[in-house]
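Here's the structure we're looking at; comments come further down.
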Amino acid sequence: MKLASLKSGRDGSLVVVSRDLTRMTPAVDIVATLQAALDDWDNIFPRLRARYESLNSGAIGGEAFNQADCASPLPRAFQWADGSAYVNHVELVRKARGAEMPATFWTEPLMYQGGSDTFLGPRDDIVFPTTDGWGVDFEAEVAVITDDVPLGVSAADAGSHIKLLMLVNDVSLRGLIPGELAKGFGFFQSKPSSAFSPVCVTPDELEGVWQDSVLSLPLVSTYNGQMFGKPDAGIDMTFNFAQLIAHAAKTRNLGAGAIVGSGTVSNKLDDGPGKPISEGGVGYSCIAEIRMIETIETGAPQTNFMSFGDNITIEMYDTEGASIFGRIEQTVVKG
């Protein structure tokens, strides 16, 4: 099943979207918002599923689906916890700011709690008053949405709480991160609002590519019209989503509608750092990684962080080339 939230009020208006992302039909007579659906998922899911099947079969004609009309599937959420499951990425960005990586990062997930009161829509501009010294960067990721998760859930059981998947652009301000972390208290200003894909999907839509709480498909980032990265989200994922959820729930319950991110998707090459697509690699899901590679190779980064007017798109395609979640497309603008 595929669901989206049209922009309407604070929490959007829930619609059911056809598998090919061309048509939609309202769901508000069943449940008004995605959060309300997640609050009563066992009862609401069968009714939404029946409508989805009717839309795909043609029993319901529906109307044209325009991704630009969408908010993020959850326009705001009670919980947004972003992991760093691709430890290759963690290692590179820590090197970029001169920080050593503890060995425990390979055995226990790294995670931060992000702001979730104002997510950007998938086609909303990224608005800042300045980019000077801020190091504006995109981060292409996968995320899951859970139902209620009990405190202390095991990794073996945590996967059953995954109800929906979507994509993320977890915007980072690299220039502000070192100063914040030096205070010993974590991210805040350096992690502004994230944007999520137009559509979220249930795991059963991903048969054959969703196994053991890992999604195994390339995540494609296009930067200013040029393909920047296509790493496979199923490769080099040190911690799967079940492990990330169990980590997040170690000391607390997670409420229905909790979002857990994978962290920036990153692939190694021959057990070393990846390479740009132009050099035979799969590229990167953020600018910070290529800057680190450039620093290793030449002594200094060559690629600039994002400036006003720069555009990023993030999308994932199935094995037949069809878009699964729709496209995140954002431009950095002054405001």
Among LEU151, LEU181, LEU176, the single one that is open to solvent by 10 Å² or more (accessible area, probe 1.4 Å) and modelled with pLDDT under 95 is LEU181
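Quick one: is GLY263 in contact with a helix residue (DSSP H, G or I) (Cβ under 8 Å, 6 or more places away or on another chain) and either touching a residue at least 40 places away in the same chain (Cβ under 8 Å) or open to solvent by 40 Å² or more (accessible area, probe 1.4 Å) (or both)?
yes
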Go through (1) open to solvent by 30 Å² or more (accessible area, probe 1.4 Å); (2) among the hydroxyl-bearing types (Ser, Thr, Tyr); (3) over 26 Å from PRO273 (Cα atoms) one by one and return the number of the condition THR222 breaks.
(3)
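Could you list, in sequence order, the residues of region 300-321 that are open to solvent by less than 60 Å² (accessible area, probe 1.4 Å) and either farther than 22 Å from ASN169 by Cα or assigned to a strand (DSSP E or B) (or both)? Before the answer, list the steps.
Kept after step one, since they are open to solvent by less than 60 Å² (accessible area, probe 1.4 Å), are these residues of region 300-321: 300-301, 303, 305-307, 309-316, 318, 321.
ALA300, PRO301, MET306, ASN311, ILE312, THR313, ILE314, GLU315, MET316 - these are the residues of region 300-321 that are open to solvent by less than 60 Å² (accessible area, probe 1.4 Å) and either farther than 22 Å from ASN169 by Cα or assigned to a strand (DSSP E or B) (or both).
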If I ask for residues that are open to solvent by less than 50 Å² (accessible area, probe 1.4 Å) and over 19 Å from VAL209 (Cβ atoms), which ones from region 239-259 would you list?
ILE245, ALA246, ALA248, ALA249, LEU254, GLY255, ALA256, GLY257, ALA258, ILE259
Test set (1) in contact with a Phe, Trp or Tyr (Cβ under 7 Å, 6 or more places away or on another chain); (2) surrounded by fewer than 21 Cβ atoms within 10 Å (Cβ to Cβ); (3) not hydrophobic (A, V, I, L, M, F, W, C) - GLU297 fails condition number:
(1)
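Looking at this structure, is VAL201 at pLDDT 95 or above and in contact with a Leu (Cβ under 6 Å, 6 or more places away or on another chain)?
Details: at pLDDT 95 or above: yes; in contact with a Leu (Cβ under 6 Å, 6 or more places away or on another chain): yes.
Yes.
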Members of region 120-148 found to be crowded, with 18+ Cβ neighbours inside 10 Å and assigned to a loop (DSSP other than H, G, I, E, B), listed by number
GLY121, PRO122, ARG123, ASP124, THR131, TRP134, GLY135, PHE138, GLU139, ASP147
The one condition in (1) touching a helix residue (DSSP H, G or I) at 6+ places or on another chain (Cβ under 7 Å); (2) more than 24 Å from ARG76 (Cβ to Cβ); (3) aliphatic (A, V, I, L, M) that LEU165 fails to fulfil
(2)
Do we have ASP170 as open to solvent by 50 Å² or more (accessible area, probe 1.4 Å) and modelled with pLDDT of 95 or more here?
no
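The values are calculated or read from the model by the stated rules, or taken from the named source; none is laboratory data. No experiment lies behind these values; they were computed from the predicted model shown. No Cβ is skipped: glycine too gets one built from the backbone with ideal geometry, and neighbour counts run over all protein chains shown. Accessible surface areas use protein heavy atoms only, side chains included; no ligands, DNA or RNA. Shrake-Rupley method; radii C 1.70, N 1.55, O 1.52, S 1.80 Å.
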